[in-house]
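A.B. asks: One structure, as structure tokens, below. Some questions next.
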Amino acid sequence: QVQLVESGGGLVQPGGSLRLSCAASGIIFSIYAGDWYRQAPGKQRELVARRTSGDTTYYLDSVKGRFTISRDNAKNTVHLQMNSLKPEDTAVYYCHAQFGLLDYWGQGTQVTVSL
């Protein structure tokens, strides 16, 4: 059984930082593309960052220079370091793993950026 378990969300003030983690079981995460999506209330889910199995990265324009996606293959985990957070970053963040036609989602973790 494949599981992706996110952690690290929470409440942070504008300008603060959070580090999200996505721990995988049942798959070898390093051969999958690892993604972070987010969905704010009333909005569509959007791709925030991706790191392919070949270590190519993609970032949503609005997070470039602030967010960094990384892997820890020894721990079968993908991280999202989020710095200089803004209120508009508030959303539920979802981990996603994709390999060919196979894809898996985590349950989501809430990130709230507010005073």
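A.B. asks: Taking all protein chains as present, what is the carbon and sulfur share of the accessible area of segment 50-91, in % to the nearest whole number, probe 1.4 Å?
C.D. replies: Roughly 45 percent, rounded to a whole number.
A.B. asks: Report the relative contact order of segment 70-115, percent, no decimals, based on alpha-carbon pairs under 8 angstrom and at least 6 residues apart.
C.D. replies: In percent, rounded to a whole number, it is 33.
A.B. asks: Translational D (Stokes-Einstein, µm²/s) of the chain at 4 °C and 1.567 mPa s when Rh comes from the Kirkwood sum over C-alpha pairs?
C.D. replies: Translational diffusion coefficient: 93 µm²/s.
A.B. asks: Label-point separation (nm) for SER30 and VAL5, each offset 7 Å from Cα along Cα-to-Cβ?
C.D. replies: It is 2.2 nm.
A.B. asks: Count charges around THR90 for me, please; just the other residues with Cβ under 11 Å from its Cβ, Lys/Arg as +1, Asp/Glu as -1.
C.D. replies: So the environment of THR90 carries a net charge of +1.
A.B. asks: OK, next. So, by mean Cβ neighbours within 10 angstrom, what's the order for 6-12, 69-75 with the highest one leading?
C.D. replies: Top of the packing list down: 6-12, 69-75.
A.B. asks: Here's another thing I want to ask about it. Keeping all protein chains in place, calculate the accessible area per residue for the chain (probe 1.4 angstrom), answer in Å².
C.D. replies: That works out to 53 Å² for each residue.
A.B. asks: Okay, next question. Within 10 Å, count the other beta carbons around each residue, average over each peptide in 44-51, 98-105, 78-85, and list them highest first.
C.D. replies: 78-85, 44-51, 98-105
The values are calculated or read from the model by the stated rules, or taken from the named source; none is laboratory data. Source: prediction; values computed, not measured. Note that we place each Cβ from the backbone using ideal geometry, even for glycine, and neighbour counts take in every protein chain shown. The area values use the complete protein model at the heavy-atom level, side chains included, leaving out ligands, DNA and RNA. Shrake-Rupley method; radii C 1.70, N 1.55, O 1.52, S 1.80 Å.
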